[in-house]
Amino acid sequence: MSAEQNPTSPAPDAGPRPVRLTVAAALAGLEGLALFVGGAWMLVLGLTGSPDDRRQAVTGGVTLIVLALLPLLAARGLLLRRGWSRGPAVITQIMALPVAYNLLQADSVAIPGGIALAVVAVAALVLLVNPATTRALGIRGPGNVQDQKE
């Protein structure tokens with residue numbers, strides 16, 4: 001099986017990892033860590049505090065912890081230069097944009113969080129679609145087929 005067909009193999013040109021790819025992985029990891037910490041905080045408060053609805057707090061906390069796995073796995077894949085990891089990383093950034101928008105609509109201290117989330121999501125998207133990142137992950141665009149056997 002060739003490297004193009006095996007999504008778990010590293011990119012074909014095993015040169016140094018581009019800084020853009022490392023930064024994109026760090027941003028995805030930061031988002032995953034923030035989701036995990038937020039979920040753990042929500043879970044602990046749901047179990048030990050007196051929330052309005054304990055079941056909803058526990059469910060929300062567990063959901064955030066599980067959702068944290070997507071950007072954390074994507075960050076690890078990006079660091080290891082796995083081509084499959086760009087998809088989950090891009091999906092994470094796209095999901096973060098509506099959350100950032102909702103935070104920006106709030107009349108509270110959530111506005112700085114919305115600004116930070118929007119900046120991180122847009123920066124990560126720009127880094128993930130950068131040609132240097134795409135090449136480093138071994139991703140080829142349509143019509144860019146090499147060594148194809150019929």
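The values are calculated or read from the model by the stated rules, or taken from the named source; none is laboratory data. Note that the structure is predicted; figures quoted are calculated from it, not measured. Note that each Cβ is placed from the backbone with ideal geometry, even for glycine, and that neighbours are counted across all protein chains shown. Surface areas here come from the heavy atoms of the whole protein model, side chains and all, with no ligands, DNA or RNA. Shrake-Rupley method; radii C 1.70, N 1.55, O 1.52, S 1.80 Å.
The table below lists the values:
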quantity	calculated
Unmet criterion (only one of (1) open to solvent by 60 Å² or more (accessible area, probe 1.4 Å); (2) under 14 Å from Ala28 (Cβ atoms)) for Leu125	(1)
Members of the stretch 116-134 that are part of a helix (DSSP H, G or I) and touching a helix residue (DSSP H, G or I) at 6+ places or on another chain (Cβ under 7 Å)	Leu117, Ala118, Val120, Ala121, Ala123, Ala124, Leu125, Leu127, Leu128, Ala132, Thr133
Count of the stretch 57-90 residues which are out of contact with any helix residue (DSSP H, G or I) (no Cβ under 7 Å at 6 or more places or on another chain) and under 18 Å from Leu27 (Cβ atoms)	5
Members of the stretch 55-86 found to be basic (Lys, Arg) and either over 15 Å from the mean Cα position of the chain (by Cα) or open to solvent by less than 30 Å² (accessible area, probe 1.4 Å) (or both), listed by number	Arg55, Arg81
Selection within the stretch 1-27 - in contact with a Lys or Arg (Cβ under 9 Å, 6 or more places away or on another chain) and either open to solvent by 40 Å² or more (accessible area, probe 1.4 Å) or at pLDDT 85 or above (or both)	Glu4, Pro7, Thr8, Pro10, Asp13, Ala14, Arg17, Pro18, Leu21, Ala24, Ala25
Neighbours by Cβ (under 7 Å, 6+ apart or cross-chain): first from the stretch 83-107, closer than 27 Å to Gly138 by Cβ; second loosely packed, with under 14 Cβ neighbours inside 10 Å	Gly83/Pro7; Trp84/Pro7
The stretch 135-144, residues that are closer than 21 Å to Ile94 by Cα and modelled with pLDDT of 90 or more	Leu137
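Per-residue answers, yes or no, for (1) under 26 Å from Thr22 (Cβ atoms); (2) open to solvent by less than 40 Å² (accessible area, probe 1.4 Å); (3) touching a Cys at 6+ places or on another chain (Cβ under 9 Å); (4) in a helix (DSSP H, G or I):
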{"position": "Phe36", "(1), (2), (3), (4)": "yes, no, no, yes"}
{"position": "Met42", "(1), (2), (3), (4)": "no, no, no, yes"}
{"position": "Leu45", "(1), (2), (3), (4)": "no, no, no, yes"}
{"position": "Pro88", "(1), (2), (3), (4)": "yes, yes, no, yes"}
{"position": "Gln93", "(1), (2), (3), (4)": "yes, yes, no, yes"}
